Amino acid sequence: MLETHALTKHFGGLRAVDGATLSVEAGTITGLIGPNGAGKTTLFAMISGFEEPTSGTVTFAGEDVTRESAHKRARRGIARTFQIVRPFAGLTVRQNIAVGAYLRHPSRTDALRKAEEVAQQVGLAPQIDRPASELTVAGRKRLELARALAIEPKLLLLDEVLAGLNPSEIRDMLPVLRSVRDGGITILMVEHVMQAIMSLCDVVHVLAQGVMIAQGTPDEIARDPRVIEAYLGAGAAKRLEAARAHA
Amino acid sequence: MRQERLSLVLSVGLLAGLAVVPLVTAANTVLNFLVFAMILALAAHGWNLLAGYAGQFSFGHAAFFGVGAYGGALLQMRAGINPWVAFLGGIMLAGIVGAVIGALSFRADLRGSYFSLVTLAFAEVLRILVNATPATGGAAGLLIPLDVRFANFQFASRAAFYWIALALVALVTLLMLVIENTRFGAYLTAIRENEDAARALGVDVFAEKIKAMTLSAAITGAAGGLYAQYFLYLDANIGFGPWISIEALVAPIIGGLGTAAGPLVGALALQMLGEMSKTVAGRIPGIDLVLFGLLLVLVIAFMRRGVVGQLQRLAMARGGA
Amino acid sequence: MMFSPEIVMAAVLNGVMTGSVYALIALGLTLVYGVLHIINFAHGAMLTAAMFAVFVGHAVFRIDPYAMIAVVAPLFFALGYALQRWVIGPAAHGSESNVLLVTLGLSIMIENALLAGFRSDTRSIDVPYAFSSLDLGFTFLSVPRLVAFGVSIAVAFLLWLLLARTDAGKAIRAVAKEPTGAELVGIRVEHVFAVTFGLGAACVAVAACLLMPTFYVSPRIGNAFVLVAFTIVVLGGMGSIPGAVLGALFVGVVESLSGLFFNESLAQLGVFLIFILVLLLRPRGLFGAKA
């Protein structure tokens, strides 16, 4: 579905992302994790067309989209959410979602109907005619998801869609994300909430200091010494190993 | 009451009331006042589409007012085109100039204050050029020959002209109400509120902004064309001067930014204030603009959504959902 | 057209001196932008107001324009402080477009109040030293412009010293970088914003005193200057003080050299065209992503 090859982004002298190669299989939920400042958001921005890579390629459904603008990629079926959720203020929840729905449904009636459908799917139906600015953080996260779903994407890029939620809100979101995947939409998600990654993802990629350091199933990743070191610092894996041996 | 409903009711009420004024009085001062208010309302509608709906604050709408005015006048005087057709030609020219300025500015990704500044500079460039070019009448200005015939877009009765201006305002108001309920309108609002989010949802932000700017410029150009046909005289400061950029901006802000009724409400309010200041203070230059500036600051500070927004709040407080 | 090296050299010198006054105006603009992250649209109107203040000081009270620095600089500092603290800040409710509209409103008010008070005539003042000059051998250097150069550079240096070496400067820099953080450690952000705005206003006030001996004033004169200043600030990088000074000297020299080739009426057009070109062609990200 999606492949990046040797994707690299320099900001001045800083290599935010350095030769990142990853592939996302259709029908999966793929996780992208890494310590803060690893370059996850930059990688996302390059996949969705918000940043142009310094070098490397992005291939979506077999076609090279590396230099294509963000809105064209959205039309191809790449949807993304933003880490900082900002609903279109002054519009209701329904109108917010409709902005996304208009992409495939130019008529207002159809777009509003589609918006209602998506609101049902993500559990925003009760608030559908409330101003979006009245939503709680959890509500805003759902709205962010709903807007992206409304463009009827093939691939959904989720940027920390669970961040800032409390454990019970996270528990409520997990089945929603699974139902999205079961509906045939491939998901690539950046996430810090490990519990979610472990329970949702089929494959996890790990990015540290701009470099892809590991990939595998969640279980494999959790045991990978390189990953542990990336998160906890050099030598951490050995110390952990030693601690385990002593125990 | 929702904003669109309120705008519809308010617009229909105001326009209907305004339409019968010539039946009640034929006083020149009243009709002059109203024709001018309609011209201003039209210019304000153009600005409001771009700023109120799409969030791009132009400080140079005089450019489009001037192109509409000069375009119409020059097409009939120099090319011998029928004034009605020339009027439409002026509108089209204004639209084209809007598209070009928009394409240049948005291609360079000028947002916020930078867009405001660059539009101001474009208007000033046009003002200086027109002022210095003999073909446009230079500093002496342009006098459209008086030849009062319907075919010439010149009328013996002020009422006739007024009704045409009023009809144009009604048409544009209707257009705005329609736009509010289309994909185009939704996209403009999305761009205003969060450009990146709009882009992620497949909105071609550049193209939508250009569309908005072209339409906006054409509407303000129509105001310029009307001005030329009514006063039959233009100079660079009338056509391209900062006064019209300012009034086209202050009116919708007072009336209600991003509402279909705002420009008309604001234009009437501004005109009244201008007349009052002249009655009280006499013909001191600039005194009306001092008041407009003050009003602008006060509205932003205390009544951000303008008159329409305030009425809406009142309506809501009364329980009318 | 060719000019002798002496004439070109003289034009460059003149450009540097004009540029130094531009620098002062641009400094005010860039300082306010760098700290408050707003564009003060009333900057030009404030300059015009200060020039009229100098004019009145001379015409009514016979005060020398240079001596007026001692009057208008503190006066405009106070005015700027008050405007930001009690008008612009509260009215803007923290939104960029509101700041723009509020400062536009202020500029309309100031400009047209001056128009109402002084009408649209251009006015200048007569000082005995207006035409005195130094003989450099190959050219004559106008003394008032030399004074303008010296004072401008001195003010820029003082401003830099203030920002770099004093506690007040430290507070300003902290607020510029991290307003929330600054608030947390007990800096009164609103106060610092207002002080910065006041400093910006004081800069144009000094510029006005330096301009008046050789220049004229009319109610709309500020616009031309402020667009030059915007051009400089965009060229030099929004918020950068050295950028503003270097940009100003550069623009001054370019303007002076082009004055050799073009007539006066086209020069005004040139200012706007250059401004447009700089904005349209500026390298992306010259002043950050949030343009």
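The values are calculated or read from the model by the stated rules, or taken from the named source; none is laboratory data. Just so it is clear, the structure is predicted and the values come from calculations on it, not from any experiment. Quick reminder, even Gly has a Cβ in these numbers, built from the backbone with ideal geometry, and neighbours come from all protein chains shown.
Considering each residue of the range B:173-184 in turn, at least one proves to be closer than 29 Å to B:Gly72 by Cα, surrounded by 20 or more Cβ atoms within 10 Å (Cβ to Cβ) and of a type outside the set (D, E, K, R).
Is it true that A:Arg80 is farther than 26 Å from A:Val137 by Cα and within 14 Å of chain B (Cβ to nearest Cβ)? In short, no. Restricted to the range C:91-103, and to residues there that are more than 7 Å from chain B (Cβ to nearest Cβ) and touching a helix residue (DSSP H, G or I) at 6+ places or on another chain (Cβ under 7 Å), the residue that is farthest from B:Ser113 (Cα to Cα) is C:Ala92. Among the residues of the range C:17-33, are any crowded, with 20+ Cβ neighbours inside 10 Å, of a type in the set (Gly, Ala, Ser), modelled with pLDDT of 95 or more and within 15 Å of the chain's Cα centre (by Cα)? Looking through the range C:17-33, none of the residues is crowded, with 20+ Cβ neighbours inside 10 Å, of a type in the set (Gly, Ala, Ser), modelled with pLDDT of 95 or more and within 15 Å of the chain's Cα centre (by Cα). Considering (1) at pLDDT 90 or above; (2) over 20 Å from the mean Cα position of the chain (by Cα); (3) not hydroxyl-bearing (Ser, Thr, Tyr), the lone condition that C:Gln84 does not fulfil carries the number (2). Cβ-Cβ distances below 6 Å connect the following pairs, each with a first residue in the range A:89-112 that is within 9 Å of chain B (Cβ to nearest Cβ), a second residue that is outside any loop (DSSP other than H, G, I, E, B) and among the acidic types (Asp, Glu), and a separation of six or more residues or different chains: A:Ala89/B:Glu193.
Could you identify the single residue in B:Ala160, B:Ala207, B:Ala198 that is assigned to a helix (DSSP H, G or I), within 8 Å of another protein chain (Cβ to nearest Cβ) and more than 13 Å from the chain's Cα centre (by Cα)? Sole residue among the options that is assigned to a helix (DSSP H, G or I), within 8 Å of another protein chain (Cβ to nearest Cβ) and more than 13 Å from the chain's Cα centre (by Cα): B:Ala198.
So how many residues does the range C:28-70 have that are in a loop (DSSP other than H, G, I, E, B), away from every other protein chain (no Cβ under 14 Å) and not basic (Lys, Arg)? So the answer is 6.
Sort out which residues of the range B:102-116 are surrounded by 24 or more Cβ atoms within 10 Å (Cβ to Cβ) and not small (Gly, Ala, Ser), and write them in order of number. Result: B:Phe115, single match. Number of residues in the range A:1-26 that are free of Cβ contacts under 8 Å to residues at least 60 places away in the same chain, closer than 19 Å to A:Ala214 by Cβ and of a type in the set (Gly, Ala, Ser): the value is 2. Scanning the range B:215-264 for residues that are polar (S, T, N, Q), assigned to a helix (DSSP H, G or I) and buried (at least 24 other Cβ atoms within 10 Å of the Cβ) yields B:Ser216, B:Thr220, B:Gln229, B:Ser245. When B:Ala54 is tested against (1) without any contact (Cβ under 8 Å) to a residue 24 or more places away in the chain; (2) among the aliphatic types (A, V, I, L, M); (3) over 24 Å from B:Gln154 (Cβ atoms), exactly one condition is not met: (1). Kindly check whether there is at least one residue in the range C:121-143 that is touching a residue at least 40 places away in the same chain (Cβ under 8 Å), loosely packed, with under 14 Cβ neighbours inside 10 Å, within 14 Å of chain B (Cβ to nearest Cβ) and not in a helix (DSSP H, G or I). Yes: one or more hits.
Evaluating B:Gln312 against the criteria (1) in contact (Cβ under 8 Å) with a residue 60 or more places away in the chain; (2) surrounded by 24 or more Cβ atoms within 10 Å (Cβ to Cβ) leaves one unmet condition, (2).
From the residues in the range B:262-309 that are among the polar types (S, T, N, Q) and free of Cβ contacts under 8 Å to residues at least 40 places away in the same chain, which one is nearest to C:Glu96 (Cα to Cα)? Within the range B:262-309, the match that is nearest to C:Glu96 (Cα to Cα) is B:Ser277.
Can you tell me which residue within the range A:59-77, out of those that are in a loop (DSSP other than H, G, I, E, B) and at the interface with another protein chain (Cβ under 10 Å from one of its Cβ atoms), is surrounded by the most Cβ atoms within 10 Å (Cβ to Cβ)? Of everything passing the filter in the range A:59-77, A:Gly77 is surrounded by the most Cβ atoms within 10 Å (Cβ to Cβ).
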